[in-house]
Amino acid sequence: MQQGKYRFVTGFLIVPVVLYAVFMIWPYMQTFGYSFTNWQGQSQEMSFVGLDNYTALFSDSVFLKALWHNVLLLVFLPVATILLALFFAYMVNVGGRGGAGGIRGVAGSGFYKILFFVPHVLSIAILAVLWRAIYRGDVAGLINGVFIKLGLSDPAHPIEWLNEPDLVLWCVAFVLLWWGVGFYLVLFSAAMQSVPKEIYEAALLDGASRTQSFFRVTLPLLWDTVQTAWVYLAILAMDCFALISVMTPGNSYGGGPDHNSEVMATYLMRNFLSFGKSGYACAMGVVILGLTLILSLVTLRISRRERIEY
């Protein structure tokens, strides 16, 4: 069994490793190299500028504004998505009580799982077009139509949701929340179903309330899954390019009005493809990569705790 084992493993791994190195590692290395140049993207002529691109980044008011928007999404999106998904997953799995003290989900829990998961089936492009129509700034917009019917808005001056500087970023954040809750509900539901029902029944027999059962039974047993969800949501909060570029106003790649929904990814693409500042855009890409890696490592480190066996 041991004879030829390493040759066998190497034969299976060499092609995937080579492909990964060529199409993933090498582009990252090229980006890092270009970030030290004034490359304009249209030709191979470029000059070495050292750290000038990185110095310019942190004196660029638009980039700093985009970075702040990413930080706001980073705080709001993982917290809100995980809390809502955990709550709904708890309700559809163990939120009800059986007639003899057993544990079951609320009535119609299977239907609720499907209903919540439906938004995640939609592509980001469809999602952006759908919500752009819902947020329309005239009386034909769904939200404005409801507000006018309820007397909460003036038909002559409907709310321009995606053109309001103070609202546009939170409109985008709500769409991401609506899109993501269903997926993480299913993820947490699968984790909860692996927990023996006897644990919940023992907690109920000891007089634990639903709130106590959630924080002292469910959350500790699901902590590894929550940790993974937090990392993925943090990465999503650092991107958001597709949704913002399609959904929000702006000359190219969204980010409007007046950069009030700008994130680092949209500003990067605008510099790379529209402004011809490809070396500067590569420096942004390196910063985004570094921040994402640091964020993931810090999140995993802070949220690490002893595994609970059951």
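The values are calculated or read from the model by the stated rules, or taken from the named source; none is laboratory data. Keep in mind the model is a prediction, meaning the values are calculated, not measured. Reconstructed Cβ throughout: ideal geometry from the backbone, glycine too, with neighbour counts over all protein chains shown. Protein only, heavy atoms only, side chains kept; ligands, DNA and RNA dropped before computing areas. Shrake-Rupley method; radii C 1.70, N 1.55, O 1.52, S 1.80 Å.
A quick yes/no check of all residues on (1) closer than 20 Å to MET264 by Cβ; (2) free of Cβ contacts under 8 Å to residues at least 24 places away in the same chain; (3) not small (Gly, Ala, Ser):
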{"site": "ASN70", "(1), (2), (3)": "yes, no, yes"}
{"site": "LEU84", "(1), (2), (3)": "no, no, yes"}
{"site": "LYS113", "(1), (2), (3)": "no, no, yes"}
{"site": "ILE143", "(1), (2), (3)": "no, yes, yes"}
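Does the range 235-252 contain at least one residue that is aromatic (Phe, Trp, Tyr), open to solvent by 20 Å² or more (accessible area, probe 1.4 Å) and in contact (Cβ under 8 Å) with a residue 40 or more places away in the chain? No, the range 235-252 contains no residue that is aromatic (Phe, Trp, Tyr), open to solvent by 20 Å² or more (accessible area, probe 1.4 Å) and in contact (Cβ under 8 Å) with a residue 40 or more places away in the chain.
For the range 118-135, residues that are in contact (Cβ under 8 Å) with a residue 24 or more places away in the chain, outside any helix (DSSP H, G or I) and open to solvent by 40 Å² or more (accessible area, probe 1.4 Å) total 1.
For the range 223-233, state whether one or more residues are free of Cβ contacts under 8 Å to residues at least 60 places away in the same chain and open to solvent by less than 80 Å² (accessible area, probe 1.4 Å). Yes, there is a match, as at least one residue in the range 223-233 is free of Cβ contacts under 8 Å to residues at least 60 places away in the same chain and open to solvent by less than 80 Å² (accessible area, probe 1.4 Å).
Taking the range 209-291 as the region of interest, the helices (runs of 4 or more DSSP H) fully inside it that hold 2 or more residues being over 15 Å from ALA66 (Cα atoms) and polar (S, T, N, Q) are 210-213, 223-237. Is it fair to say TRP39 is among the hydrophobic types (A, V, I, L, M, F, W, C) and open to solvent by 80 Å² or more (accessible area, probe 1.4 Å)? Spelling it out, it is not the case that TRP39 is among the hydrophobic types (A, V, I, L, M, F, W, C) and open to solvent by 80 Å² or more (accessible area, probe 1.4 Å). Residues of the range 239-263 that are under 16 Å from MET284 (Cβ atoms) and of a type in the set (A, V, I, L, M, F, W, C): CYS240, PHE241, ILE244, VAL263.
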